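Pasting a structure here, questions to come.
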Amino acid sequence: MEMWVKSSYSQGNGGNCVEIYKTPEAVKIRDTQTRHLGHLTMSAAEWAAFLAEVRTDRL
């Protein structure tokens, strides 16, 4: 069973929500309002690089 985790920045009132699901090899990312459209998948290294860019406001 996949355990998707909602972003701590997502609003509790049903607003903008992003969920992630981590495996040792990859991270899956999806929009909770369009789950039926699937998800994005990136490697753990790509995910770490993405988070580093976001945290430094470079994106």
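Each value in this text was obtained by applying a stated rule to the coordinates, not by laboratory testing. Being a predicted model, the structure only gives us computed values, none of them experimental.
What translational diffusion coefficient, in µm²/s and rounded to a whole number, does the Stokes-Einstein relation yield for the chain at 20 °C and a viscosity of 1.002 mPa s, taking the hydrodynamic radius as the Kirkwood radius over Cα pairs?
174 µm²/s
Return the calculated 222 nm mean residue ellipticity for the chain, to the nearest 500 deg cm²/dmol, obtained by summing -39500 (n - 2.57) across DSSP H runs with n ≥ 4 and dividing by the residue count.
-6500 deg cm²/dmol
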